[in-house]
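Notes to accompany the following structure.
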Amino acid sequence: MTVMVVSDIVGFTAHCSISDPTAVIRMLTDLFKAIDSVAPDHGVEKVSTVGVSYFGAICPLPLPAVDLSQ
């Protein structure tokens, strides 16, 4: 089983309309770098960034062992 991790920024379009474009790019770069730095600690592998969305995957999803002997 694979689990997809998707993040998006609520209100991003409104934020961009009042922000300096350079500051927006800097913010996105810092945000994605921060996610990249902690993702492996949680078993997440980066798949892609598209616009302001971050896509990752956890594969395989660790499942609890099932005792089939009973």
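Looking across region 7-31 at every residue that is closer than 10 Å to Val52 by Cβ and over 17 Å from the mean Cα position of the chain (by Cα), the one that is least open to solvent (accessible area, probe 1.4 Å) is identified as Val24. Please determine whether any residue of region 34-47 is in contact (Cβ under 8 Å) with a residue 40 or more places away in the chain, open to solvent by less than 60 Å² (accessible area, probe 1.4 Å), on the phi < 0 side of the Ramachandran plot and part of a helix (DSSP H, G or I). The answer is no, given that none of the residues of region 34-47 is in contact (Cβ under 8 Å) with a residue 40 or more places away in the chain, open to solvent by less than 60 Å² (accessible area, probe 1.4 Å), on the phi < 0 side of the Ramachandran plot and part of a helix (DSSP H, G or I). Residues in region 10-33 that are among the hydroxyl-bearing types (Ser, Thr, Tyr) and part of a helix (DSSP H, G or I): Thr13, Ser17, Thr22, Thr29.
The values are calculated or read from the model by the stated rules, or taken from the named source; none is laboratory data. Small disclaimer: the values here were computed from a predicted structure and weren't measured. When we count neighbours, we look across all protein chains shown, and the Cβ atoms used for this are built from the backbone with ideal geometry, even at glycine. The protein model used for the area step is the full one, side chains on, heavy atoms only, and it has no ligands, DNA or RNA in it. Shrake-Rupley method; radii C 1.70, N 1.55, O 1.52, S 1.80 Å.
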